[in-house]
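The values are calculated or read from the model by the stated rules, or taken from the named source; none is laboratory data. All of these numbers come straight from a predicted model, not from anything done at the bench. In this analysis, Cβ positions are derived from the backbone assuming ideal geometry, glycine residues included, and neighbour counts consider all displayed protein chains. Surface areas here come from the heavy atoms of the whole protein model, side chains and all, with no ligands, DNA or RNA. Shrake-Rupley method; radii C 1.70, N 1.55, O 1.52, S 1.80 Å.
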Amino acid sequence: MTRKKLAAVRGMNDLLPAEAPVWEWLEARVADWVRSYGYQLIRTPLLEHTELFVRGIGEVTDIVEKEMYSFEDRLNGENLTLRPEFTAGTVRAAVEHNLTYEGPRRVWSMGPVFRHERPQRGRYRQFHQVNVEALGFAGPDIDAEHIVMLARLWKILGVGPVRLEINCLGQADERARHRAELITYFESHRDALDEDAQRRLHTNPLRILDTKNPALAEVVAQAPKITGYLGDGSRAHFEGLQRLLEASGISFTVNPRLVRGLDYYNLTVFEWITDALGAQGTICGGGRYDPLVERMGGRASPSCGYAFGMERVVELLKESATVDMTTSTDVYVAHQGGATAAQAFRVAEQLRDAGLDAVYHAGEGSLKSQMKKADASGAEYAVIVGEAELGNGAVALKALRGPAGAAGGGEQRIVPLERLADELVDALTRSEQQS
Ligand code: HAM
């Protein structure tokens, strides 16, 4: 009987070994980069109470209306949701553990998030974000820090060009006045609106400005802009941010129609966009969310943050050829089976004791096929534990790469077991210095 093969859930990807080096490279760069700005790691659960996201992200957002993986826990009837983003959970944790009690906090996270969207290139149902939050900071300097640190990251990663759009959404009362005017305006153009826009007209008219429907371009272009409703405080915040960006040599465009898809934002919002990825070109989005901490039951703490999509950045990295995608190890340990296999097993552990990366040849196989595997492993050297040499307390050491190994045949010499680790460390240090 043939069994049906099982496949992954649609829109959820496996990370296979061939693609792992670029993810590992990115994750290592990210960890160094956030540390250089003083951000500390925070890890919150993948599952939270559904109520958290409804309250945090907003009831009439695409995410909460139709994209969340929500279910009832059969065992205790709790309503749970796989996190569709990090901000709500991070704020929940900060409030629950009083993180901002002693002053503002800079925190970051990295991991999978889940949204039931229509999968296409750059858009998945499980994807990964690097998320950064600054909790308890009021001034535009921290908004600027976020943008400046992202500009630095794009440079470190060698991805580009990436353009920056910013906007100011003002405060709740300013948005309420703008919203009322927007509704009046869109009502007077009701016939021009599509079904989605008509539905949003009274629930979330701001999102109509964000429409992807080209037929609405004209009516949206003429709509009242938030800029006209900003009070002195909001304007000063936005101007402060722009001055800092200009002083840091960061180019940006003010896009008065940039509204973002989550409801918690006020004042600054921004997005980084690339033309290299087709329709899903937004690699990063964020902004300020001053009222959220209080809405989650904490003490009022003005805050801001952002997240970038790792799949999208990985796609850019693969195109830029910055990352060495080859696998590598220091040494491959081959043998002739029997007692030599057991000895090779121990030799591999001794080499690891000396700080080397070693791959042991598990199982059997001719020396020829073992040398092929050694080569494919990316090893610099092969150690061959053979019966004849082992009788004299020695093994064969063969260079697989570099000038010594280039000819394919590779230089091979006999090395006493007690000298093996030292010789390998010396040889590898020498070849590292030469490259
Ligand atoms: P967001 O704009 O919803 O913001 O998502 C941030 C980034 O995640 C996007 O710019 C995009 O690169 C990536 N992304 C979103 N959806 C998908 C998808 N289906 N597949 C692949 N990548 C995707 C937030 O999530 C906010 N929590 C950011 C934030 C943090 N604001 C303040 N703090």
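For Lys155, give me every one of the lysines with a C-alpha distance below 22 angstrom, ignoring sequence neighbours fewer than eight places off in its own chain.
Correct list for Lys155: Lys318.
Whose amide H sits under 5 Å from the amide H of Ala379, counting only residues 5 or more places off or on another chain, with H placed in the peptide plane?
Thr329
Determine ³J(HN,Hα), in whole Hz, for all residues of region 290-303 in sequence, where each value follows from phi through the Karplus function 6.51 cos²θ - 1.76 cosθ + 1.60 and θ = phi - 60°; x replaces Gly and Pro.
3J(HN,Hα) across region 290-303, in whole Hz: 3, x, 5, 4, 5, 5, 8, x, x, 6, 3, 9, x, 8.
Suppose every Lys and Arg Cβ carries +1 and every Asp and Glu Cβ carries -1, with no other charges. What dipole size does region 156-276 come out with about its Cα centre, to the nearest 20 debye?
140
To the nearest 10 square angstrom, how much accessible area does His97 have with a 1.4 angstrom probe?
120
Go through region 31-37 residue by residue and turn each phi into a ³J(HN,Hα) via Karplus (6.51, -1.76, 1.60, θ = phi - 60°); whole Hz please, and just put x for glycine and proline.
Going residue by residue, I get 4, 5, 5, 5, 4, 5, 9 Hz, with x marking Gly and Pro.
Under the rule a/c < 1.5 gives rounded, and otherwise a/b versus b/c splits prolate from oblate, where does region 331-430 land using the Cα gyration tensor?
Rounded shape, in that the Cα axes give a/c under 1.5.
Report for region 213-371 the percent antiparallel among DSSP-assigned beta bridges with both residues inside it, nearest 5.
Within region 213-371, antiparallel bridges account for around 80 percent of the total.
Using amide H atoms built in the peptide plane, which far-off residues or other-chain residues are under 5 Å from Leu99 H to H?
none
Report, in debye and to the nearest 20, how large the dipole of region 331-430 comes out about its Cα centre when Lys and Arg carry +1 and Asp and Glu carry -1 on their Cβ.
Here region 331-430 has a charge dipole of around 280 debye.
Note down the accessible area of Met325, probe 1.4 Å, to the nearest 10 Å².
Rounded to the nearest 10, the figure is 70 Å².
Tell me which trypsin sites (Lys or Arg not before Pro) from region 1-64 have a DSSP coil assignment and no more than 15 other beta carbons within 10 Å of their own.
Counting only loop positions with at most 15 other Cβ atoms within 10 Å, the trypsin sites (Lys or Arg not before Pro) in region 1-64 are Arg3, Lys4, Lys5, Arg10, Arg43.
How big is the antiparallel share of DSSP beta bridges in the chain, given as a percent to the nearest 5?
Of all bridge pairs located within the chain, approximately 80 percent are antiparallel.
Taking θ as phi - 60°, what are the ³J(HN,Hα) couplings along region 195-205 by the Karplus curve (6.51, -1.76, 1.60), each to the nearest whole Hz, with x for Gly and Pro?
4, 4, 5, 4, 5, 7, 3, 9, 9, 8, x
Got a number for carbon plus sulfur as a percent of the chain's accessible area, 1.4 Å probe?
Looking at the chain in its full context, I get 50 percent from C and S.
Whose amide H sits under 5 Å from the amide H of Asn266, counting only residues 5 or more places off or on another chain, with H placed in the peptide plane?
For Asn266, the qualifying residues are Arg288, Tyr289, Asp290.
Taking the Cα centre of the chain as the origin and placing charges on Cβ (Lys, Arg +1; Asp, Glu -1), which of Pro214, Gly160, Leu390 is farthest toward the positive end of the dipole?
It is Pro214.
Would you mind working out the accessible area per residue for the chain, using a 1.4 Å probe, and quoting it in Å²?
Here the per-residue accessible area is 51 Å².
Do you know the relative contact order of the chain, to the nearest whole percent, from alpha carbon pairs under 8 angstrom that are 6+ apart?
So the answer I get is 15 percent.
Compute the distance from the alpha-carbon center of region 288-357 to that of region 153-208, in whole Å.
38
Roll a 1.4 Å probe over the protein heavy atoms and report the accessible area of Asp194 in Å², nearest 10.
Estimated to the nearest 10 Å², Asp194 gives 40 Å².
Looking at region 67-112, which GluC sites (Glu not before Pro) are in a loop (DSSP not H, G, I, E or B) and have at most 14 other Cβ atoms within 10 Å?
Glu78, Glu102
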